[in-house]
1. Averaging sequence separations of C-alpha pairs under 8 Å and six or more residues apart, then dividing by the length of the chain, give the relative contact order as a whole percent.
2. With only Lys, Arg, Asp and Glu charged, each at its Cβ (+1 for the first two, -1 for the last two), find how big the charge dipole of the chain is about the Cα centre; round to the nearest 20 debye.
3. Calculate for the chain the 222 nm mean residue ellipticity that helices alone would give, adding -39,500 (n - 2.57) per DSSP H run of length 4 or more and normalising by residue count, nearest 500 deg cm²/dmol.
4. From the residues His24, Ile52, Pro65, which one has its Cα farthest along the dipole of the chain in the positive direction, the dipole being from +1 and -1 charges on Cβ of Lys/Arg and Asp/Glu about the Cα centre?
5. Ignoring ligands, DNA and RNA, please state the percent of accessible area on the chain from carbon and sulfur, probe 1.4 Å.
6. Would you mind getting the accessible area per residue of the chain, heavy atoms of the protein chains only, 1.4 Å probe, in Å²?
7. So how much slack lies between Phe64 and Tyr19, counting 0.36 nm per residue of separation and subtracting their Cα-Cα distance, in nm?
8. Enumerate the lysines that Lys37 could reach by cross-link, defined here as Cα to Cα under 17 Å, with residues fewer than 8 away along the same chain left out.
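The values are calculated or read from the model by the stated rules, or taken from the named source; none is laboratory data. Quick caveat, the model's predicted, so the values are computed rather than measured. Cβ placement follows ideal geometry from the backbone for every residue including glycine, while neighbour counts extend to all protein chains displayed. Keep in mind that these areas ignore ligands, DNA and RNA; they rest on the heavy atoms of the full protein, side chains included. Shrake-Rupley method; radii C 1.70, N 1.55, O 1.52, S 1.80 Å.
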Amino acid sequence: MIKYDRLWETMKKRGISQYDLYTHHHINRSQLDRLRKNKNVEINTIDKLCNILSCRVEEIMEHFPDDNIF
C-alpha cells in the first residue's frame, strides 16, 4: 500500500497549503482528495508535486507491505 502522509508533512515544512496547490499550481481538487484517502494517483501528479515542493518522491509517499497481490 502507498501512503501519502509524508506529502502533508512536506507541504507544511515548505509552507504550501492545499489551497495553494489547486489555486496557484493547478493541482485538481479530486487528485488532492485521492491523495488524502491514499488512493491511486497518476505518476504525473507525483512528478508535479515533487517539482512544486522541490523534493524527492520519498518525501511525498511511502510504501507499506500488504497482501495486495496482482
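1. Working: 58 pairs, mean separation 39.2, N = 70.
The value is 56 percent.
2. Working: 12 positive and 11 negative charges, 58 e Å.
Here the chain has a charge dipole of around 280 debye.
3. Computed ellipticity for the chain at 222 nm equals -14000 deg cm²/dmol.
4. About the Cα centre, the residue reaching furthest to the positive side is His24.
5. 48 percent
6. 73 Å²
7. Extra length from Phe64 to Tyr19 when fully extended: 13.4 nm.
8. Cα-Cα hits under 17 Å: Lys3.
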